[in-house]
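Since every read-out is calculated from the coordinates, none of them should be taken as a lab result. On a predicted model such as this, the values are computed, not experimentally measured, just so you know. Reconstructed Cβ throughout: ideal geometry from the backbone, glycine too, with neighbour counts over all protein chains shown.
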Amino acid sequence: MARVADVVSETARAKSLLLDPPDWAGHLAGQHVDVRLTADDGYQAQRSYSIASAPEDEHLQLTIERIEDGEVSPYLTDDLHPGDELELRGPIGGYFVWRESLGGPVLLVAGGSGVVPLRAILRHHRAAKSDIPVRLVYSARTQADLLYREELESFDTVITLTREEWSGHTGRVGRDLLEEAAWPLADHPLVYVCGPTGFVEGVADALVAIGHAANRIRTERFGPA
Amino acid sequence: MPPISHGFHGRRTDAGERDRVPPGQYVTHDFPVLSAGPTPHTPLESWTFQIRGEIDQPKSWTWEELTALPSDRVTVDIHCVTKWTKLDTVWRGVSLDTLLDGVDTSAEYVLAFSDGGYTTNLPLADIRDGKAWVAYEFGEEPLEPEHGGPARLLVPHLYFWKSAKWVRGIELRANDEPGFWEMYGYNNYGDPWKEQRYAGD
């Protein structure tokens, strides 16, 4: 059981839970946890959430996007308060992770709340004082949907918006933007793509089409097909 | 029992479906996609399905040969380790019994291998006796690439990562060797009814 240290609003639909799990053995940037809720009659529901914090951070952070008809996320965003307890299992997943020994250069490509585990990678990269080049391409609907905006702008970040005209890039992450933002193919970049299924399929296909090696592209997908 | 999540009510599975949903799972009507890398697109002309390893004469079928074999239409419930369960999914594919017919092997395990480098390990007994198929249709349509097309393994009694997408064959093995997710902390066997999600479950 992890104690909720704080609940922070990130956007109108997303909140971060700052957690203190006892005896946490640490995690790798990019991993997730399972959250389990138990109703008073013993009914249980579990979901997986990516870890938003770096291993070096003080609290374990999850950022939860509230899904309107969701079973678990509305409880996490609306009903949890500092001091509450939350049942966690993890960390889980050993493939969609980055640590310095994996090298780079690293390209991170996020669609929507897919930015959460990639933000953990950026924070870890900074905390580890790595000099491996790392860049984030982040697609969101509007500026109001951007998670961790101020923090991400302190990294090498390219933002594109799909539903709002603004001074920066607009439109989906396609071949053009990837060719512009990706590291030279000769450097064998290591690419992490996370987002809804359609986004990840599109980005991964485009990366392969412009010559990235399939075995250097790691993906994590969520949501229905 | 773990402490109560006060204020959490949850969404109960319908009574009629409850005994079909393993512990910790919820029913979804979508078909979520999970895979570790880009979706491979192998042309059918160069596609083969192989049985190799502990076998005197390795066997191989082209796409045309495999899809010409007798096939089964199976309706099964599938369970993903990421907690979703999908009921009454309809597939068409060739039973592994058909492919293993006449194969004399001392192997007790198999390692399924796929385009893109994915692997997963299973006891040989778990793909025999009507328990596994090489499936190439889903819902009466050709299996879409993002769901593992042109063909995936279908082993519905285990968590769905054992149903290798983009499968290209099985290697018969005397010894068990962990596959891709099994090396990254997931359970070696993956029985959803025993909730064997991760190593040590």
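Summary of values
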{"read-out": "Region B:59-122: relative contact order in percent, alpha carbon pairs under 8 Å with at least 6 residues between", "value": "23"}
{"read-out": "Within straight-line cross-link reach of B:Lys86, aspartates and glutamates at Cα separation under 14 Å, skipping those fewer than 8 residues along the same chain", "value": "B:Asp14, B:Glu17, B:Asp19, B:Asp30, B:Asp77"}
{"read-out": "Inter-chain Cβ neighbour average for residues A:76-89, partner chain, 10 Å", "value": "2"}
{"read-out": "Residue order, fewest to most beta carbons within 10 Å, for B:Leu99, A:Leu207", "value": "B:Leu99, A:Leu207"}
{"read-out": "Simple Cβ-charge dipole of chain B, Lys/Arg +1 and Asp/Glu -1, about Cα centre, in debye nearest 20", "value": "680"}
{"read-out": "Contact order relative to length of chain A, as percent, for alpha carbon pairs under 8 angstrom and 6 or more apart", "value": "19"}
{"read-out": "Inter-part distance where region A:112-162 and region B:148-184 are each reduced to a Cα centre, Å", "value": "34"}
{"read-out": "Shielding by partners - mean other protein chain Cβ count within 10 Å, residues of A:37-43", "value": "6"}
{"read-out": "For chain A, size of Cβ-based charge dipole, Lys and Arg +1, Asp and Glu -1, in debye", "value": "700"}
{"read-out": "J(HN,Hα) series, region B:120-134, from Karplus relation 6.51 cos²θ - 1.76 cosθ + 1.60, nearest Hz, glycine and proline x", "value": "8, 10, 8, x, 4, 4, 7, 10, 10, 6, x, 9, 8, 9, 9"}
{"read-out": "Inter-chain shielding of B:24-35 (mean C-beta neighbours from other protein chains, 10 Å cut-off)", "value": "4"}
{"read-out": "Hz values of 3J(HN,Hα) by residue in region A:88-96 - Karplus curve (6.51, -1.76, 1.60), Gly and Pro given as x", "value": "10, 9, x, x, 10, x, x, 9, 7"}
{"read-out": "Proxy reagent accessibility, fewest Cβ within 10 Å first, across A:Tyr192, B:Tyr136", "value": "B:Tyr136, A:Tyr192"}
{"read-out": "Proximal aspartates and glutamates to B:Lys131, defined as alpha-carbon separation beneath 12 angstrom and excluding residues fewer than eight positions away on the same chain", "value": "B:Asp72, B:Asp97"}
{"read-out": "In order through region B:2-16: 3J(HN,Hα) via Karplus (6.51 cos²θ - 1.76 cosθ + 1.60), integer Hz, x for Gly, Pro", "value": "x, x, 6, 8, 4, x, 8, 10, x, 10, 6, 5, 3, 3, x"}
{"read-out": "Extension reserve of the A:Ala128-A:Arg99 stretch, reckoned as 0.36 nm per residue once the Cα distance is removed", "value": "9.5 nm"}
{"read-out": "A:Ser101, B:Ser46 arranged by Cβ crowding within 10 Å, fewest neighbours leading", "value": "A:Ser101, B:Ser46"}
{"read-out": "Using a Förster distance of 45 Å, the FRET efficiency for B:Lys194-A:Arg3 (Cβ separation, nearest 0.05)", "value": "0.90"}
{"read-out": "Chain B: relative contact order in percent, alpha carbon pairs under 8 Å with at least 6 residues between", "value": "22"}
{"read-out": "Interatomic Cα distance distribution for region A:2-92, bins of 5 angstrom, percent", "value": "3, 14, 26, 28, 19, 8, 2, 0"}
{"read-out": "Ratio of the Cα radius of gyration of chain B to 2.2 N^0.38 Å, where N counts its residues", "value": "1.06"}
{"read-out": "Label zone at A:Asn215 (point 7 Å along Cα-to-Cβ), backbone N below 15 Å, region A:176-202", "value": "A:188-191"}
{"read-out": "Rough spin-label spacing in nm, given labels placed 7 Å along Cα→Cβ, for A:Ile67 and A:Asp205", "value": "2.3"}
{"read-out": "Links that overshoot a 26 Å alpha carbon limit, given the list B:Lys59/B:Lys83; B:Lys59/B:Lys162; B:Lys59/B:Lys194; A:Lys129/B:Lys83", "value": "B:Lys59/B:Lys83; B:Lys59/B:Lys194; A:Lys129/B:Lys83"}
{"read-out": "Under 5 Å, built H, 5+ apart or other chain: amide partners of B:Val27", "value": "B:Thr85"}
{"read-out": "Value in Å of the Kirkwood radius, where the protein assembly as shown supplies the Cα pairs that are averaged", "value": "22.8"}
{"read-out": "Inter-probe distance in nm under a simple model that places probes 7 Å from Cα toward Cβ, at A:Leu185 and A:Asp156", "value": "2.0"}
{"read-out": "Label point distance in nm, A:Trp24-B:Glu45, each placed 7 Å from Cα along Cα→Cβ", "value": "5.4"}
